[in-house]
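Below: the structure, in structure tokens.
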Amino acid sequence: MQLKKVLTLRTVVATSAGLTLSSSTFVAAVQVAGFLAGDAAWLAILTGGLLCMTAALCFSELNGMIPSAAGIRLYFSRAFNDRTALTVSILYMAVILGVIGAESYVLAEILNEALPSVPPMVWILVMFLAVTAMNIIGLKLAGGFQDTITYGLMLSLVTLAFIALARVDFHLTAPMDTGGAMGLINAVAVGVFLFVGFEWVTPLAEEVTHSRLISRGMLLAVGLLSIIYAVFTVGMTATVPRAALTGSPIPQLIFARTILGDIGVVWMVTLTLAASITTFNAGLISVSRFIYASAREHVLPPVFSKISMRFFTPWVAVFTIFIIGVAISTIVLFTHRYLVLVNMAAAMESIIYALAGLAVIVLRRKMPYANRPYRIPSGYIIPGVSVVVFSILALAIFVTFPQVFFYLTLGLLICAWYVSRVVPVIKQKYQAKKSAARKRRRPMIQTTKAGD
């Protein structure tokens, strides 16, 4: 059984942007502004978007060569080796799921502020259940929902930003003053989180109407997000004192209340719900396909490769993401350690983007004559820039937030243990089952010949 090819460019862009366009990105956007002296957050955000564009180009070439739901794992496997690829991709998947935890915390804070009578966990469960049901019923339904919410959210954020800028007559305080090179580097490094997960649309390569839509969708998503984040962040910091924003997990609500009062609060609560839904939905769509493909290729238990006979969706993988997402959300709600997850995601993104650029370089040398429907122009310049810049950004995050290095190292060791100890057992069981099935078929073939 195979997945249905139903996705168009509109849904690819919405899915690529949807996982990044989350409630927790507002917190990251304020962090970016906090590293800089003047209203120069737009400069750091556009720089981060431009750098992510180089990574998107690398993923475009890799996806054209290997259009698969396994995505990143196969790219790195061909370029490096199976063990490295599987270890890194599982860790990356875990970090992406952690983003859902940070998202849930921000959502809980917003809802507690606006509707204190309703426990935040109730809203989280309702959204998870609704999105899970849509993803099990069919990707076309989930994709249409993603389109509506994501594009409506983008339009609303731009509208709010221009309302805020109009209140200050579009006057910014020192819009080019970064306060020094180190501040700008840290701002760009954390700003990468604003685009976290745009490449997770690559696992949908087997469900798009044309494989080239993945590349176009990623590039369009990064471009649109760069402009939206830059305008919205500048609008926030131009109208609200930065100190009031940086110390709060709900800066977007403070901003909306400042410029529009109670109407702004209602509007922002609605936008936060929409942003959280897009994150949950895009996460379910993309990560569930990665789990399905990994199980199909015997690196995860085979139960995760099951497809619904009625809806042609990987229902076990989708339901698993639901359980993990609820568990992580619950933990973050009680521990309040949402910023650690934000910074872990930014660091992991930088590592993955550096590896993507390196994979392009390695595969061009190992497989020079392989079919490449899309090839990055200018030789090795763009992938080389991706390798160098994102390596530096990852190091900057580790220096600024040492605990992020500790948690990622611990996660890497756990994933390496799984790959070295558990994956061989899964593959061995598969081979034994396959051999047993062959032996059962042989007597039937011999009996038929004897009867003839």
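Points 7 angstrom from Cα along the Cβ direction at Val118 and Val266: gap in nanometres?
1.4 nm
May I ask for the angle, rounded to the nearest 10°, between helix 251-296 and the longest principal axis of the chain, with both axes built from Cα atoms and the value confined to 0 to 90°?
For 251-296 against the chain, the angle is about 10 degrees.
For Cα extents along the principal axes in Å, the listed values are (i) 92, 53, 39; (ii) 72, 60, 47; (iii) 67, 47, 38; which was obtained by calculation from the structure presented?
(i)
Heavy-atom accessible area per residue, the stretch 259-361, 1.4 Å probe: how many Å²?
Solvent-accessible surface per residue comes out at 34 Å².
What number, in percent, do you get for the relative contact order of the stretch 13-105 if the mean sequence gap of Cα pairs under 8 Å and at least 6 apart is divided by its residue count? Before the final figure, lay out each step's value.
Working: 32 pairs, mean separation 18.8, N = 93.
Computed over the stretch 13-105, the figure is 20 percent.
Subtracting the Cα-Cα distance from 0.36 nm times the residue separation, let me have the gained length for Ile163 to Ala243 in nm, one decimal.
Residue separation times 0.36 nm, minus the Cα-Cα distance, leaves 26.7 nm.
Which value, to two decimals, describes the C-alpha radius of gyration of the stretch 177-294 once divided by 2.2 N^0.38 Å?
So the stretch 177-294 has a normalised radius of gyration of 1.30.
For a paramagnetic label modelled at 7 Å from the Cα of Ala436 toward its Cβ, which residues of the stretch 266-307 fall within the zone defined by backbone nitrogen distances under 16 Å?
The answer is 302-303.
How much FRET efficiency would the formula 1/(1 + (r/R0)^6) give for Arg375 and Leu129, where r is the Cβ-Cβ distance and R0 is 60 Å, rounded to 0.05?
After rounding to 0.05, the efficiency reads 0.85.
On C-alpha positions alone, give me the angle between the axis of helix 402-417 and the longest principal axis of the chain, in degrees, nearest 10.
Approximately 10 degrees, to the nearest 10.
Assuming 0.36 nm per residue, please report the length gained on full extension of the stretch Thr173 to Ile331 beyond their Cα-Cα distance.
Gain on stretching Thr173 to Ile331: 52.9 nm.
For a Förster distance of 35 Å, can you work out the FRET efficiency between the beta-carbons of Leu413 and Met182, rounded to the nearest 0.05?
Given R0 = 35 Å and the Cβ-Cβ separation, E is 0.70.
Would you mind calculating the relative contact order of the stretch 290-419 from Cα pairs under 8 angstrom and at least 6 residues apart, reporting the percent as a whole number?
20 percent
I want to check the label-to-label distance for Met309 and Thr8. Put each point 7 Å from Cα in the C-beta direction and report it in nm to one decimal.
3.3 nm
Compute the length gained on full extension between Phe405 and Met367: take 0.36 nm times their separation in residues and subtract their Cα-Cα distance, giving the result in nm to one decimal. List each step's numbers first, then the result.
Values: separation 38, 0.36 × 38 = 13.68 nm, distance 3.38 nm.
Separation in residues times 0.36 nm, less the Cα-Cα distance, equals 10.3 nm.
Relative to the longest principal axis of the chain, what angle (0 to 90°, nearest 10) does the C-alpha long axis of helix 41-65 take?
10 degrees
If you place +1 on the Cβ of every Lys and Arg, -1 on the Cβ of every Asp and Glu, and leave all else neutral, what size is the dipole of the stretch 296-372 about its Cα centre, to the nearest 20 Debye?
340 debye
Using only the heavy atoms of the protein chains and a 1.4 Å probe, how would Thr272, Thr409, Thr239 rank by accessible area, largest first?
From most exposed to least exposed: Thr409, Thr239, Thr272.
The values are calculated or read from the model by the stated rules, or taken from the named source; none is laboratory data. Keep in mind that what you see is a predicted model, and the values were worked out from it rather than measured. Every residue, glycine among them, receives a Cβ derived from its backbone with ideal geometry; neighbour counts consider all protein chains shown. Calculation scope for accessible area: heavy atoms of the full protein, side chains included, ligands and nucleic acids excluded. Shrake-Rupley method; radii C 1.70, N 1.55, O 1.52, S 1.80 Å.
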